[in-house]
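Below is one structure, written out as structure tokens; comments come after it.
Read-outs: derived from the displayed coordinates by stated rules, not from any lab. Quick caveat, the model's predicted, so the values are computed rather than measured. Here the Cβ is made from the backbone with ideal geometry for all residues, glycine too, and neighbour counts use every protein chain on show.
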Amino acid sequence: MHKNINKPIKILTAFLSAVQIMAFWATSSIAINEEFDNPNDDVISQNEQKYDLLNESHDDWPNISASAYVLMDLDSGTVLLGKDYDVQKEPASTTKVMTLLIAMERLDMDDIVTITPEMALRISEIPLDYVRLGLQDGEQLTVRDLVYAGALKSANDACLALAMHIAGTEEAFCDIMNDKASDIGCLHTHFSSSFGYANPDNLTTAYDLSLILGEACRNTEFSTVSTSYSYTIPATNKYSDARTVTNANRFISKAEFSYDYYIGGKTGYTDSAGYTLVGGAKKNDHTLVACVLNAADSGIRYVDLKNMFEYGFSHFTTVPVTTTEFESAISQTNLQINDLLVNTKLFLETEQAYCSEYLTTTSARASLGSTNMVELSDAMIDTSLAEQEINVPLCKVYSDGKKYIVGVLRLKISTKSPSIEVDPIKETGWTGLRNILIVVAGISLLILILVIGLVILRHAIVKKRREERNKARML
């Protein structure tokens, strides 16, 4: 009797499974995973990471005198400290960083530059209180001579000569400067001078200047040049004696301001710009760039930068990010998706991971440790499509709940076998009704099978009991 009773139980189980399968096919999309959907997560996107640390509490934030300043991690581009860092201000001679960057990118340092009459005329128009090397009409110098003069002595005529040598006119060179600024990622910069003349429209920001200095230190000899104590320009066809230029930057020239981790920068001053300074520092492979605009006085700007550097090195950590860190999480995701799609016409064809190169966070948070995960809470697969691409975030999650999106996993979902395409316009109105009819018909059929099974079972039980009564009478 027990064996016979098992038959309708198996029929009922098959019935429930079939209902689940048909209900699945009746839906147009499925969620990959809902376990990770936590509204309390503090999720920081890749775009938000650049400024997110400014939103955190900094009780021991260093006191900076400048009206605008910024401290930025060079590798990740994250702003660590800042005030009015996107407000346009006059940069004064920190403008020269862009001029020297372009010169070192486009010219050979041993190339000869001849001071043309046009250059000499424009040089004569530089105000007398602006620093000059004293270039003469027809004088010949190397690009190296002019670069060192511009970086160490802040010689305005040297930078103007380089600009006109490259572009023909200073105006044309400023177009090159502005294009380069845009390429680097500057958003609020407009150069109208190659050396930092106090034009009201020669403007940039502390953040943009930090980007420019980072580009110069990373891709040219600027760091080597700007950290030199002195440079000697050999005698030229116009000067019989050599000329030695000494670095005016106090990080290099004055022991009281020296900073072991300094890797280069540039000072500036005009009456309208005030005291300006942009510089970089590197400690244990961690590179920071800082800028102050309109500082209170000449000396305090060095103290401002040093204080920001020390705060940055002690309070923040930057780590490289690689896709290999996510191999285990990605493998689990692939298994999960393939299991989900096993009873469908779809399968996971390919997956490709992309990550940011670096992530910067507080040292305190980093010390707590982190886990890597694939964030699937918002991912949906549309079962009505033959092919689709889904992008899901790759995240680093720290013990304090902070979740950083550091990359993306690109999933390509395709059909398991070729299928005939249906005009989506014609199919749209019919698809919902068809799915409902399939489910209703399936349920009706399975109910009928269940009823028949129960009738058969009842008949078997009655027959069994009748046979047992007959045997009893015979006895």
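Key figures for this structure:
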quantity: Listed residue (ALA167, ILE447, PHE347) projecting farthest to the positive dipole end of the chain, Cβ model; calculated: ILE447
quantity: Where Rh is the Kirkwood radius over Cα pairs, Rg/Rh for the chain; calculated: 1.29
quantity: Extension gain, THR114 back to SER67 (0.36 nm per residue minus Cα-Cα distance, nm); calculated: 12.8 nm
quantity: Potential extension, GLN88-SER253 segment - 0.36 nm per residue separation minus Cα distance; calculated: 56.4 nm
quantity: Local electrostatic count, ALA206, Cβ distance below 14 Å [Lys/Arg +1, Asp/Glu -1]; calculated: -1
quantity: Using alpha-carbon coordinates, inclination of helix 170-184 to the longest axis of the chain, degrees; calculated: 30
quantity: Unit charges on C-beta of K, R, D, E only; dipole of the chain, Debye; calculated: 3980
quantity: Coordinate range along principal axes, alpha carbons of the range 278-394, Å, largest first; calculated: 72, 29, 20
quantity: For THR350, net neighbour charge (Lys/Arg +1, Asp/Glu -1) across residues whose Cβ lies under 14 Å away; calculated: -2
quantity: Cα lying deepest toward the dipole's positive end in the chain, options ALA460, VAL319, SER298, charges on Cβ; calculated: ALA460
quantity: Electrostatic dipole magnitude of the range 62-316 [Cβ: Lys, Arg +1; Asp, Glu -1; Cα centre; debye, to 20]; calculated: 680
quantity: Ratio of the Cα radius of gyration of the range 85-216 to 2.2 N^0.38 Å, where N counts its residues; calculated: 0.98
quantity: Neighbour-count order for VAL143, VAL440, VAL289, VAL97, fewest beta carbons within 10 angstrom listed first; calculated: VAL440, VAL143, VAL97, VAL289
quantity: Length released on extending from GLU389 to ILE436, taking residue separation times 0.36 nm less the Cα-Cα span; calculated: 14.1 nm
quantity: Efficiency of FRET between HIS315 and LYS412 - r from beta-carbon atoms, R0 51 angstrom, step 0.05; calculated: 0.75
quantity: Where labels lie 7 Å past Cα in the beta-carbon direction, separation of GLU125 and ILE449 in nm; calculated: 9.2
quantity: Taking CYS395, CYS159 and counting other C-beta atoms within 10 Å, the order from fewest to most; calculated: CYS395, CYS159
quantity: Computed label-point distance, nm, for sites GLU349 and LYS283 using a 7 Å Cα→Cβ extension; calculated: 5.2
quantity: Rounded FRET efficiency, nearest 0.05, which uses the C-beta distance separating THR244 from GLN136 and R0 of 22 Å; calculated: 0.75
quantity: Relative contact order %, the chain, counting alpha carbon pairs below 8 Å whose residues are six or more apart; calculated: 20
quantity: Formal net charge of residues neighbouring ALA329 (Cβ-Cβ distance under 13 Å; K, R +1; D, E -1); calculated: -3
quantity: Greater than 28 Å apart at Cα, pairs in LYS266/LYS403; LYS282/LYS396; LYS50/LYS282; calculated: LYS266/LYS403
